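The values are calculated or read from the model by the stated rules, or taken from the named source; none is laboratory data. The shown structure was predicted, so the numbers you read here are calculated from the model rather than taken from an experiment. Reconstructed Cβ throughout: ideal geometry from the backbone, glycine too, with neighbour counts over all protein chains shown. Each accessible area value is taken on the protein alone, full model and side chains, heavy atoms only, with ligands, DNA and RNA left out. Shrake-Rupley method; radii C 1.70, N 1.55, O 1.52, S 1.80 Å.
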Amino acid sequence: MSDLILSPNIDKVDDFYAELLAAHEGLEKADSDALNARLVLVLANHVGDSVVLSDAIRAAALADN
Amino acid sequence: MNKIFETPLYGYERSPDQDSPTPVRRKVIVIGAGPVGLAAAIDLAQHGVEVVVLDENDKVSFGSRAICFSQRTLEIADRLGCGHRLVDKGVLWDRGKVFFDDRQVYDFNLQPDEGYANPAFINLQQYHFEDYFVQRVRELQAEGAPIEIRGRNKVDAIGTHQDHVRLEVETPEGPYTVEAEWLIACDGATSPTRRMLGIDFEGRVFEDNFLIADVIMDADFPSERWFWFDPPFNRGQSALLHKQPDNVWRIDLQLGWDIDKEREKRPENVIPRLKAMLGDDVEFQLEWVSIYTFQCRRMESFCKGRVLFAGDSAHQVSPFGARGANSGLQDTDNLCWKLKLVLDGKAPESLLDSYNTERVQGADENIQKSSRSTDFITPKSEMSRVLRDAVLDLSEQYEFARPLVNSGRLSQPCTYDGSSLNSADALDGPAETRPGSACPDAPLGDEFLLPKLAGKFTLLTIDADAPDTLEEDGVEVTRLALSVKDDLTLALKRRYLGDATSAVYLIRPDQHVAARRDSYEENSFRHAIRRACGKE
Ligand SMILES: Cc1cc2nc3c(=O)[nH]c(=O)nc-3n(C[C@H](O)[C@H](O)[C@H](O)COP(=O)(O)OP(=O)(O)OC[C@H]3O[C@@H](n4cnc5c(N)ncnc54)[C@H](O)[C@@H]3O)c2cc1C
């Protein structure tokens with residue numbers, strides 16, 4: 001039983017998405033990749049729980065449902 | 001050149017075995033007087049088992065080798081009577097810096113964990129380590145222990161038989177034949193024993209070259225561990241600097257696998273790199289420069305009839321995390337008490353199968369940990385490099401990312417989870433002392449716990465009753481009765497009780513937990529003793 005939230009949970013979802021795009025605007029591909037990688041790590045640290053993280057990796061791989 | 005490399009430590013002497021008309025049969029022969037062979041021999045001799053060590057050489061190991069020895073190694077060395085020598089001479093350090101590209105990303109100060117007799121690790125040249133272990137052999141000999149080292153005795157051929165092994169040994173005065181009931185092959189990474197028995201060395205995980213330089217610096221250069229990821233002076237690779245005793249610093253430069261070794265070793269190529277690392281104004285002298293190739297692999301099985309493999313002969317890892325000698329000492333720690341019981345007829349030969357399973361587990365853990373360090377240090381794909389660089393960039397500003405930085409993890413003793421020698425956990429106690437774990441130390445007034453658990457089966461009771469001694473099928477167990485009332489630092493409670501109010505632990509001669517419950521129950525502990533000796 002995991003606590004990974006897969007139902008809608010993001011506040012102000014359009015604002016968040018726009019902010020994410022804006023953060024990447026004007027970046028070279030390499031810098032964008034680096035930004036994404038840093039973001040994943042920051043969020044992973046916020047989550048912390050290894051079970052949730054494993055489930056999140058699996059969910060992102062679209063391997064499970 | 002350092003004199004210690006040239007002085008024979010165990011010069012050749014003629015043995016009566018060379019003049020015997022029929023081959024003499026020894027109890028145990030150890031091939032190799034490296035750190036692992038010496039540890040095996042001392043351990044067996046302390047158990048009263050006759051042991052002969054054969055080494056083709058007569059000196060300490062040559063050049064730059066191991067420098068970082070872990071707490072568990074120091075604890076084992078304590079049991080072997082040489083721990084204090086190592087700690088007295090070794091360098092303790094707790095500060096370090098991490099560099100990425102052309103800048104320092106952070107520095108750290110490892111807070112020592114309280115309540116252990118030994119530090120988390122020390123830095124010490126392998127030749128000092130070997131020298132101290134040979135001194136211990138001499139001490140045991142003076143006490144009349146049945147231990148002997150034969151220098152310049154090169155094993156040339158091995159014949160294996162049902163109940164013994166036959167060795168052809170080459171000496172400066174010609175060959176002789178000697179037999180052993182058991183042979184322990186501690187003959188290093190290129191193990192001639194392995195080759196002579198035609199055994200494959202399985203599973204090469206990766207290969208890498210390192211330029212290892214030991215430099216002498218008189219200036220008061222700080223006693224810190226410095227690690228560089230992808231520095232300008234060694235692009236795409238790593239570099240490491242740390243301190244050894246006698247003003248010697250170790251420098252490891254990773255070179256990758258496809259390199260021209262002779263070229264890289266030339267002083268005109270080495271010195272500019274070192275200056276780029278240390279700063280132009282730092283004066284240094286080269287003590288030693290060599291290039292090593294490392295691989296990660298292990299034998300499929302560490303036991304082959306009457307031949308037992310330990311140390312580098314059985315497994316090899318890359319140098320990240322200092323696991324070679326450290327894991328080799330855990331091998332012999334695991335093996336010797338078992339061999340003693342088998343030799344005494346107190347345990348079946350099959351007990352030695354558990355040496356194989358437990359130490360293969362240890363080797364796999366070490367290979368996994370050093371492979372993970374390697375994957376971080378030398379990313380294998382574009383995205384793994386992106387993620388690695390992201391960790392390093394974040395670590396400059398945010399503390400959270402620093403634990404992700406993997407420049408080699410400290411060697412920790414293996415917990416033998418799932419071993420057939422363990423009994424089911426019957427205590428609601430801390431995970432760190434579950435069956436299979438190496439006992440953590442704890443202060444007991446002016447003394448410490450581990451020396452009281454050395455070399456024999458112990459029933460450790462904490463606020464619980466139990467008989468003072470117990471014998472099960474020839475195996476003796478002695479009680480060590482402790483109470484949290486005397487546990488001023490609460491380390492004993494924290495490490496052995498957790499939420500429980502009392503506990504009884506059955507502890508193996510190698511200080512690993514075999515069984516635990518909240519109280520003494522004769523029947524279950526008798527079973528646990530039998531299990532721990534491979535009888536169930
Ligand atoms: C640069 C470097 C850095 C390292 N750093 C660390 C570290 O920080 N920490 C750590 O724990 N480990 C480290 N290691 C690994 C460590 O040096 C080895 O794991 C350790 O020496 C293995 O000990 P051993 O006794 O198994 O084998 P060895 O030390 O290799 O000893 C084998 C012995 O067998 C003898 N022998 C071989 N063939 C025969 C024969 N036919 N007859 C008789 N005798 C024979 C040899 O003369 C030798 O004395 C490092 C290694 C290197 C190269």
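Residue-wise test of (1) closer than 30 Å to B:Lys27 by Cα; (2) within 14 Å of the ligand (Cβ to nearest atom); (3) not in a loop (DSSP other than H, G, I, E, B).
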| position | (1), (2), (3) |
| --- | --- |
| B:Glu173 | yes, no, no |
| B:Trp182 | yes, no, yes |
| B:Ala189 | yes, yes, no |
| B:Ala213 | no, yes, yes |
| B:Trp226 | no, no, yes |
| B:Ile251 | no, yes, yes |
| B:Leu255 | no, yes, yes |
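Criterion applied to B:His84, B:His47 was being more than 15 Å from the ligand (Cβ to nearest atom), under 17 Å from B:Gln141 (Cα atoms) and open to solvent by 20 Å² or more (accessible area, probe 1.4 Å), and the one residue passing it is B:His47. Scanning segment B:509-536 for residues that are open to solvent by 60 Å² or more (accessible area, probe 1.4 Å) and aliphatic (A, V, I, L, M) yields a total of 0.
Looking only at segment B:19-29, decide whether some residue is within 30 Å of B:Pro119 (Cα to Cα), open to solvent by less than 40 Å² (accessible area, probe 1.4 Å), within 13 Å of the ligand (Cβ to nearest atom) and not assigned by TED's automatic domain parsing to the domain that holds B:Gly455. So far as segment B:19-29 goes, no, none of its residues is within 30 Å of B:Pro119 (Cα to Cα), open to solvent by less than 40 Å² (accessible area, probe 1.4 Å), within 13 Å of the ligand (Cβ to nearest atom) and not assigned by TED's automatic domain parsing to the domain that holds B:Gly455. Among the residues making up segment B:104-151, a single one is among the basic types (Lys, Arg), over 18 Å from the mean Cα position of the chain (by Cα) and crowded, with 19+ Cβ neighbours inside 10 Å: B:Arg150. For B:Ala276, the conditions (1) part of a helix (DSSP H, G or I); (2) among the aliphatic types (A, V, I, L, M); (3) open to solvent by less than 10 Å² (accessible area, probe 1.4 Å) are fulfilled apart from (3). Open to solvent by less than 60 Å² (accessible area, probe 1.4 Å), within 13 Å of chain B (Cβ to nearest Cβ) and under 15 Å from B:Met383 (Cβ atoms) - does that describe any residue in segment A:14-33? Checked segment A:14-33: at least one residue is open to solvent by less than 60 Å² (accessible area, probe 1.4 Å), within 13 Å of chain B (Cβ to nearest Cβ) and under 15 Å from B:Met383 (Cβ atoms). The residues of segment B:27-44 that are over 15 Å from B:Val342 (Cα atoms) and out of contact with any Ser or Thr (no Cβ under 7 Å at 6 or more places or on another chain), listed by number, are B:Ile29, B:Val30, B:Gly32, B:Ala33, B:Pro35, B:Gly37, B:Leu38, B:Ala41, B:Ile42. If you filter segment B:125-153 down to residues that are touching a strand residue (DSSP E or B) at 6+ places or on another chain (Cβ under 6 Å) and more than 17 Å from B:Ser15 (Cβ to Cβ), you find that the one that is farthest from the ligand (Cβ to nearest atom) is B:Leu140. Considering segment B:79-104 alone, what residues qualify as being closer than 20 Å to B:Leu449 by Cα and either of a type in the set (S, T, N, Q) or without any contact (Cβ under 8 Å) to a residue 40 or more places away in the chain (or both)? Of everything in segment B:79-104, those that are closer than 20 Å to B:Leu449 by Cα and either of a type in the set (S, T, N, Q) or without any contact (Cβ under 8 Å) to a residue 40 or more places away in the chain (or both) turn out to be B:Gly83, B:His84, B:Val87.
Can you confirm whether segment B:366-376 contains a residue that is under 27 Å from B:Val317 (Cα atoms) and in contact with a Leu (Cβ under 9 Å, 6 or more places away or on another chain)? Checking segment B:366-376: at least one residue is under 27 Å from B:Val317 (Cα atoms) and in contact with a Leu (Cβ under 9 Å, 6 or more places away or on another chain).
Of all the criteria given as (1) closer than 30 Å to B:Glu396 by Cα; (2) within 16 Å of the ligand (Cβ to nearest atom); (3) open to solvent by less than 10 Å² (accessible area, probe 1.4 Å), the one not satisfied by B:Pro231 is (2). Residues in segment B:375-422 that are within 23 Å of the chain's Cα centre (by Cα) and within 14 Å of another protein chain (Cβ to nearest Cβ): B:Asn406 only. Taking the criterion of being farther than 17 Å from B:Ala117 by Cβ, buried (at least 18 other Cβ atoms within 10 Å of the Cβ) and without any contact (Cβ under 8 Å) to a residue 40 or more places away in the chain, would at least one residue in segment B:428-445 satisfy it? No, there is no match, as no residue in segment B:428-445 is farther than 17 Å from B:Ala117 by Cβ, buried (at least 18 other Cβ atoms within 10 Å of the Cβ) and without any contact (Cβ under 8 Å) to a residue 40 or more places away in the chain. On the basis of being buried (at least 24 other Cβ atoms within 10 Å of the Cβ), among the aromatic types (Phe, Trp, Tyr) and more than 10 Å from the ligand (Cβ to nearest atom), does B:Phe302 make the cut? Yes, satisfied.
Checking A:Leu53, A:Leu6, A:Leu39 one by one, the residue that is in contact with a helix residue (DSSP H, G or I) (Cβ under 7 Å, 6 or more places away or on another chain) and open to solvent by less than 80 Å² (accessible area, probe 1.4 Å) is A:Leu53 and no other.
Listed conditions (1) over 26 Å from B:Asp375 (Cα atoms); (2) open to solvent by 30 Å² or more (accessible area, probe 1.4 Å); (3) among the β-branched types (Val, Ile, Thr) are all met by B:Thr332, apart from (2). In summary, B:Ile42 fulfils each of the numbered conditions (1) open to solvent by 20 Å² or more (accessible area, probe 1.4 Å); (2) at pLDDT 95 or above; (3) aliphatic (A, V, I, L, M) with the single exception of condition (1). Taking the criterion of being hydroxyl-bearing (Ser, Thr, Tyr), closer than 22 Å to B:Glu300 by Cβ and open to solvent by 30 Å² or more (accessible area, probe 1.4 Å), would at least one residue in segment B:369-388 satisfy it? Checking segment B:369-388: not a single residue is hydroxyl-bearing (Ser, Thr, Tyr), closer than 22 Å to B:Glu300 by Cβ and open to solvent by 30 Å² or more (accessible area, probe 1.4 Å).
The lone criterion from (1) crowded, with 17+ Cβ neighbours inside 10 Å; (2) within 16 Å of the ligand (Cβ to nearest atom) left unmet by B:Leu92 is number (1).
Condition check: buried (at least 22 other Cβ atoms within 10 Å of the Cβ) and within 13 Å of the ligand (Cβ to nearest atom). Does B:Ile291 satisfy that? Taking the combined requirement at face value, the residue does not satisfy it. Taken together, B:Ser327, B:Ser419 contain a single residue that is within 16 Å of the ligand (Cβ to nearest atom), modelled with pLDDT of 95 or more, of a type outside the set (D, E, K, R) and in contact with a His (Cβ under 9 Å, 6 or more places away or on another chain), which is B:Ser327.
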